[in-house]
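The values are calculated or read from the model by the stated rules, or taken from the named source; none is laboratory data. Bear in mind that the values here come from a model prediction, so they are computed numbers and not experimental data. Heads up, the Cβs are rebuilt from the backbone with ideal geometry, glycines too, and the neighbour counts pull from every protein chain shown.
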Amino acid sequence: MKLIKIIPVLAMMFVMLMVGCNDENENIDDISIPNVSSTMPGDNDTKVAHDTNIVATFSEEMEPSSINVSTFMIKQGDTDISGGVEYSGLEATFTPSVAFAAGSEFTATITSAAKSSNEVNLEADYVWNFTTEGAPSIESTMPVNNDIDIARNINIVVTFTEEMNPSTINASTFIVKQGDTNISGDVEYSGLEATFTPSLALEAGSEFMATITTDAKSISNVNIEAAYEWNFTTEVVPTVLSSIPANNDIDVARNTILAITFSEEMDPSTINSTTFIVKKGNIDITGNVEYSGVVATFTPSVVFNAASEYTATITTGAKSQKGVNLEETYEIIFTTSGSETGIDGVNLGSAGNYVILAKTAINNGGTSAVTGDLGLSPAATSYITGLALTDFTGYATSAQVTGQVFAADMADPTPMNLTTAVENMITAYNDAAGRSEIDFLELGTGNIGGKTLSPGVYKWTNTVSIPTDVTLSGSSTDVWIFQIAENLTMSSATRINLTGGANPNNIFWQVAGEVTIGTTSHFEGIILSKTGITFQTSASITGRALAQTAVILDGNAVTQPAE
């Protein structure tokens, strides 16, 4: 009986146990495992912004406390990226403490410790990768690094590898310096190019540094990775180093060939009458322009006027061999020597009483024809040879002399007269040598053969030669003074011709060296020689031979000029 009662009870308990098991299985089937349904950026995304936040979206609501820096991690290689993690809705957001490095690969991980709100963990770690966009860089510059001979008016251009944020391309991020000094200018940006336009032309022959700073950003606000610097040197601009004459020079010889010396070799085609200009007031002076080496010359077609002001100009049209224009117009002003009213003759004093006057000797060979008086002092009569003198009281005569011959040992007042005459001769020599307003300097470099000489003061610092005929053209009152530092040599069978009424009394040849008048040549004017005068066979002179040493004759015609 007891056993029969227990069986129904056990059956009831089995049924109830089976029902309970089915309910539990039904609850287990209702619980799901959370997963990551999407990410931003996605797996293997590239060109991800440096300042992006990393977002993971879950399949269901998660337990916020399980979403943290221990379960949401970002690494660059083996290095943890610091940041903060927040959870809202279905999204977990990782905000990096600093922007991600440019052009780098990162790994993001949601670990399996992340739990759903039902306390169900992720089945496994969720891992994805992304790569940040590269930092913008400089593709090219103009000028390039270490360029030389750059034009001073150049605009400096930078080409970027990608489009930039225009607001970050400015005078603070695009800087040009000369040493420690900032160059002022305007910065513009268009396309991929930034352009720096200097406010003024850059200084010639100088080194500059251009810099793009790290504050320059791409259109997605990525800074360039490092400051970019490059150097360049501007072209050397030609200048004028010196000129002949110098600016504001006075007493410039009227035959001066103007010379301009440049700092470097120039383009000869740009050195011409349009770039080398000479004027007297508003009047253009015609002339020939030549260029050689680094020197340009201007030779006037006719000599400059006496005591006149001229302006010479080199324009900026003159260019160097590299095609660089002169930096600025170069101008000189100069005033010629001489006098517009003419020059005074040399006062011979009592030396002018003699057609020949010497101190040491008067020697004659052959038969000469001398018209005018001869004087010798302090040497005695015996130093006058070859004239067959006939002595008289205080003077002598000769068949070869139309006039009288005087020597220092003759009766008074001859010695005193000769002493005075010699002193006057020396004074006249010094007067002629001391004339400082030089009209013509180094004419023909000492060779005056074939030239026509206008009145004025001529000066040479070396020997003067007359290999062919010379003409002196001027009026009877015009004066010529020739200053010769060394010898004067006249070739055989040549002549000095006078035209326009030129008077030999007004022609003075001051010679520090020896004077030699060639065979059968004809000379005109007053010779003031410090050394000696030699007339070769059959040479002639209309003038005077005044020597501080000796006068040598050889069958010559010596004629004092008419007053």
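Criterion applied to S492, S436 was being under 20 Å from T256 (Cβ atoms) and of a type outside the set (F, W, Y), and the one residue passing it is S436. Would you be able to say whether some residue in region 178-187 is under 28 Å from H50 (Cα atoms) and either in contact with an Asp or Glu (Cβ under 6 Å, 6 or more places away or on another chain) or loosely packed, with under 15 Cβ neighbours inside 10 Å (or both)? So far as region 178-187 goes, no, none of its residues is under 28 Å from H50 (Cα atoms) and either in contact with an Asp or Glu (Cβ under 6 Å, 6 or more places away or on another chain) or loosely packed, with under 15 Cβ neighbours inside 10 Å (or both). The residues listed here are G103, G84; of these, the one that is in a strand (DSSP E or B) and either in the same structural domain as K47 (by TED's automatic domain parsing) or in contact with an Asp or Glu (Cβ under 7 Å, 6 or more places away or on another chain) (or both) is G84. For region 76-105, what are the residues that are surrounded by 14 or more Cβ atoms within 10 Å (Cβ to Cβ) and over 60 Å from the mean Cα position of the chain (by Cα)? If the condition is that a residue be surrounded by 14 or more Cβ atoms within 10 Å (Cβ to Cβ) and over 60 Å from the mean Cα position of the chain (by Cα), then G83, V85, E86, Y87, L90, E91, A92, T93, F94 are the ones that fit.
Pick out the one residue from A318, A306, A312 that is out of contact with any Leu (no Cβ under 8 Å at 6 or more places or on another chain) and not assigned by TED's automatic domain parsing to the domain that holds E203. Give the steps one after another, and end with the answer.
Numbers: A318 fails: out of contact with any Leu (no Cβ under 8 Å at 6 or more places or on another chain); A312 fails: out of contact with any Leu (no Cβ under 8 Å at 6 or more places or on another chain).
Answer to the selection: A306.
Which residue, of E327, E340, is among the acidic types (D, E) and within 30 Å of A151 (Cβ to Cβ)?
On the way: E340 fails: within 30 Å of A151 (Cβ to Cβ).
Criteria check complete, one pass: E327.
Looking at the structure I just gave you, is G543 small (G, A, S) and under 22 Å from G403 (Cβ atoms)? Here the answer is yes, as G543 does meet what is asked. Based on this model, can you work out whether F298 counts as under 21 Å from the mean Cα position of the chain (by Cα) and under 25 Å from F440 (Cα atoms)? So F298 fits the description; yes. Criterion applied to I260, I250, I219 was being over 30 Å from N146 (Cβ atoms), within 17 Å of the chain's Cα centre (by Cα) and touching a residue at least 12 places away in the same chain (Cβ under 8 Å), and the one residue passing it is I260.
Only residues that are free of Cβ contacts under 8 Å to residues at least 40 places away in the same chain and in a loop (DSSP other than H, G, I, E, B) were counted in region 333-377, giving 2.
Can you name the residue in region 473-493 that is of a type outside the set (A, V, I, L, M) and touching a strand residue (DSSP E or B) at 6+ places or on another chain (Cβ under 6 Å) and, of all such residues, is surrounded by the fewest Cβ atoms within 10 Å (Cβ to Cβ)? Break it down stepwise before answering.
Applying the first criterion (of a type outside the set (A, V, I, L, M)) to region 473-493 yields 473-478, 480, 482-483, 486-487, 489, 491-492.
Then drop every residue that is not touching a strand residue (DSSP E or B) at 6+ places or on another chain (Cβ under 6 Å), which leaves 473, 480, 482-483, 487, 489.
Details: S473: 15, W480: 27, F482: 25, Q483: 23, N487: 18, T489: 18.
Here the residue is S473.
Just one of (1) within 30 Å of G456 (Cβ to Cβ); (2) modelled with pLDDT under 95; (3) of a type outside the set (A, V, I, L, M, F, W, C) fails for S273. It is (2).
If the condition is being under 27 Å from L326 (Cβ atoms) and of a type in the set (D, E, K, R), then region 178-212 contributes E203, E207. Counting residues in region 156-169 that are of a type outside the set (G, A, S), in a loop (DSSP other than H, G, I, E, B), modelled with pLDDT of 95 or more and within 30 Å of E60 (Cα to Cα) gives zero. Can you tell me which residue is surrounded by the most Cβ atoms within 10 Å (Cβ to Cβ) among those in region 114-136 that are closer than 23 Å to V98 by Cβ and of a type in the set (S, T, N, Q)? Only one residue tops the list, namely T132. Testing L241 on (1) part of a loop (DSSP other than H, G, I, E, B); (2) free of Cβ contacts under 8 Å to residues at least 60 places away in the same chain, one condition comes back false. Which one is that? Answer for L241: the failing condition is (1). Kindly provide the set of residues from region 339-391 that are crowded, with 20+ Cβ neighbours inside 10 Å, closer than 20 Å to H522 by Cα and touching an Asp or Glu at 6+ places or on another chain (Cβ under 6 Å), ordered by number. Once the filter is applied, which keeps residues that are crowded, with 20+ Cβ neighbours inside 10 Å, closer than 20 Å to H522 by Cα and touching an Asp or Glu at 6+ places or on another chain (Cβ under 6 Å), region 339-391 yields only Y354. For region 277-296, give me the residue count where each residue is more than 16 Å from T315 (Cβ to Cβ) and either part of a loop (DSSP other than H, G, I, E, B) or in contact with a Leu (Cβ under 9 Å, 6 or more places away or on another chain) (or both). The total comes to 5. Going through region 34-75 one residue at a time, which ones are surrounded by 13 or more Cβ atoms within 10 Å (Cβ to Cβ), acidic (D, E) and within 17 Å of F106 (Cβ to Cβ)? Residues satisfying the conditions are D45, D51.
Remark: pairs (first residue in region 508-525, among the hydroxyl-bearing types (S, T, Y); second residue not in a loop (DSSP other than H, G, I, E, B); Cβ separation under 7 Å; 6+ apart in sequence or on different chains) = T516/T489; T516/M490; T516/T534; S521/M490; S521/R495. If you go through region 411-423 and pick out every residue that is touching a strand residue (DSSP E or B) at 6+ places or on another chain (Cβ under 9 Å) and either crowded, with 20+ Cβ neighbours inside 10 Å or free of Cβ contacts under 8 Å to residues at least 60 places away in the same chain (or both), you end up with 6. Considering region 317-328, and only residues there that are surrounded by 14 or more Cβ atoms within 10 Å (Cβ to Cβ) and modelled with pLDDT of 90 or more, the residue that is nearest to K451 (Cα to Cα) turns out to be A318.
Restricting to region 120-152, give me the number of residues that are closer than 30 Å to A227 by Cβ and in a loop (DSSP other than H, G, I, E, B). Matching residues across region 120-152 total 11. Of the set (1) touching a Ser or Thr at 6+ places or on another chain (Cβ under 8 Å); (2) touching a residue at least 40 places away in the same chain (Cβ under 8 Å); (3) surrounded by 16 or more Cβ atoms within 10 Å (Cβ to Cβ); (4) part of a helix (DSSP H, G or I), all apply to A428 but (1).
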